[in-house]
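Written below as structure tokens is the structure these notes are about.
The values are calculated or read from the model by the stated rules, or taken from the named source; none is laboratory data. Please read these numbers as outputs of a predicted model, since none were measured by experiment. Heads up, the Cβs are rebuilt from the backbone with ideal geometry, glycines too, and the neighbour counts pull from every protein chain shown. When the accessible area is computed, the model is the full protein with side chains, heavy atoms only, and any ligands, DNA or RNA have been set aside. Shrake-Rupley method; radii C 1.70, N 1.55, O 1.52, S 1.80 Å.
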Amino acid sequence: MPSSDQINRIVVADPAALAVTAAGRLMTRIEANSDRIAICLTGGSSPKQLYQLLATDAYAKTIPWDRVHWFIGDERFVSASDPLNNMSTARKLFLDHFAPKDHIHPIPTDVATPDESATRYERQLQTFYGAGDLDPARPLFDLVLMGVGPDGHTASLFPGYPALAETKRWVVGVPEAHVEPFVPRVTLTLPALASCREMLFEVAGKEKRAILARLSKDESLPANRARSIGETVFLVDQAAIGK
């Protein structure tokens, strides 16, 4: 795992414990903000148990849904009804059951190109934030959920891709993915993802052992470059750590 002293590493027993711990951290961030709250979700398999947990009474009845806005860190450039759509998965598992419709902010994919989608989502984020420039003293998100791909990518920021060097744009189009599914993507950039009080990586399963070993060597991989201006947490299960 990344060795920076600024990273909080938490190891849990299994994916179920990982979901419980992630839900607890999300609730702590929500409780710490008495005003409008912004949560940036992630796709992939890691957060599904978390999303299912948030739909249970123990959490759904305590989340102040009228104050929480839900965004997404990246999206596959497919229709909202496509099973590959990240936000669609989150909506089916919990958002559509509880969140006000206008508090759910999907990346638009009903446009001509990923670049057009990126431009529109960037405008949405800037309108929500109330400015075109990010202020370190005023993070965009309370919590950003993240995952790690087998190649070290996070969100849809792939190793060696130009999007990693972006410093001005908040959202960019990615014409080709580095891993399956090989569809174009739209992703928040490193500066936009960093604008949060907490960045929470969820890493589970023995298939993640190899990439965790590479991250621990401080390789210049996207998941090693994504850091919060606040707190960065790697939440890892025992299977991913190994013996």
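Side notes on the structure shown:
- Tabulated pairs, the stretch 195-216, first closer than 11 Å to Thr232 by Cβ, second hydroxyl-bearing (Ser, Thr, Tyr), C-beta under 7 angstrom, 6+ apart or interchain: Cys196/Ser228; Glu198/Ser228; Met199/Ser228; Met199/Thr232
- Candidates Leu41, Leu18: the one that is open to solvent by less than 60 Å² (accessible area, probe 1.4 Å) and over 14 Å from the mean Cα position of the chain (by Cα) is Leu18.
Yes or no, residue by residue, for (1) within 21 Å of Glu202 (Cα to Cα); (2) free of Cβ contacts under 8 Å to residues at least 40 places away in the same chain; (3) of a type outside the set (A, V, I, L, M, F, W, C):
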site	(1), (2), (3)
Ala19	yes, yes, no
Gly44	yes, no, yes
Ser79	no, yes, yes
Asp82	no, yes, yes
Ala90	yes, no, no
His97	no, no, yes
Ile107	no, no, no
Gln126	no, no, yes
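- Residues that are out of contact with any Pro (no Cβ under 9 Å at 6 or more places or on another chain) and touching a residue at least 24 places away in the same chain (Cβ under 8 Å), drawn from the stretch 170-186: Val171, Pro181, Val183
- Total residues in the stretch 27-38, condition of a type in the set (A, V, I, L, M) and open to solvent by 50 Å² or more (accessible area, probe 1.4 Å): 1
- Among the residues of the stretch 45-87, those identified as acidic (Asp, Glu) and surrounded by 15 or more Cβ atoms within 10 Å (Cβ to Cβ) are Asp74, Glu75.
- Options Leu53, Leu84, Leu26: the member that is under 26 Å from Val186 (Cβ atoms) and modelled with pLDDT of 95 or more: Leu26
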